[in-house]
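> I'd like to ask you about the structure that follows.
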Amino acid sequence: AYDTEAMRGYMHAESVTTGERIALPSPVPRGWFDSTGNCNWDARRVEALIHAHDDIFICALADNQEDFYDLFDKIYVLTLDEVELEKRLRLRTTTDYGTDSDELADILLLHRHFEESLVNIGGIRVNVQKSIHDVADEILEKSFEP
């Protein structure tokens, strides 16, 4: 299992107009992702990571993630309500993204739409408002279903 957001070199910011790599501001101003940049996976690294394993789980969000959907057997949509999402973002330790008020507002605005868009393409909902052990058990059970 990998969290590419926490892995150096697996994600980068790109200009929405030129496609060139740019610096991700910290904190990210409100609307920056709509007007200025995307946070994308490095295609070469992510594809190599996927192909290096028979069974792999990647937990992360990237603006170009749909380019990789066909490389996965299943896509899990980890769901939770906005109150719990905000609480977890404020307490995260792998990155401080989402703790700033503008970043948090953008995340909460897109949260429900994002979940639904993944479910609409066949993503499997997994409610993560239970113990980590129960979440892992549910994902593993669903991983081996036909």
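> Tell me, which residue of region 28-66 that is over 18 Å from the mean Cα position of the chain (by Cα) and within 30 Å of Ile132 (Cα to Cα) is surrounded by the fewest Cβ atoms within 10 Å (Cβ to Cβ)?
Restricting to residues being over 18 Å from the mean Cα position of the chain (by Cα) and within 30 Å of Ile132 (Cα to Cα), the top hit is Asp54.
> Of all the residues that make up region 1-18, how many are surrounded by 12 or more Cβ atoms within 10 Å (Cβ to Cβ), more than 14 Å from the chain's Cα centre (by Cα) and not in a strand (DSSP E or B)?
Result for region 1-18: 1.
> Determine whether region 19-26 contains at least one residue that is touching a residue at least 24 places away in the same chain (Cβ under 8 Å), open to solvent by 30 Å² or more (accessible area, probe 1.4 Å), not small (Gly, Ala, Ser) and not in a helix (DSSP H, G or I).
So the first thing to find is which residues in region 19-26 are touching a residue at least 24 places away in the same chain (Cβ under 8 Å), and the list is 26.
Adding the requirement that they be open to solvent by 30 Å² or more (accessible area, probe 1.4 Å) leaves 26.
Among the residues that remain, those that are also not small (Gly, Ala, Ser) are: none.
The answer is no; no qualifying residue exists.
> Determine which single condition Tyr69 fails, assuming it passes every other condition in (1) out of contact with any helix residue (DSSP H, G or I) (no Cβ under 6 Å at 6 or more places or on another chain); (2) more than 19 Å from Leu118 (Cα to Cα).
Unmet for Tyr69, out of (1) out of contact with any helix residue (DSSP H, G or I) (no Cβ under 6 Å at 6 or more places or on another chain); (2) more than 19 Å from Leu118 (Cα to Cα): (2).
The values are calculated or read from the model by the stated rules, or taken from the named source; none is laboratory data. The structure displayed is predicted, hence computed values, not measured ones. FYI the Cβ positions are ideal-geometry reconstructions off the backbone, even for glycines, and counts take in every protein chain you see. The area values use the complete protein model at the heavy-atom level, side chains included, leaving out ligands, DNA and RNA. Shrake-Rupley method; radii C 1.70, N 1.55, O 1.52, S 1.80 Å.
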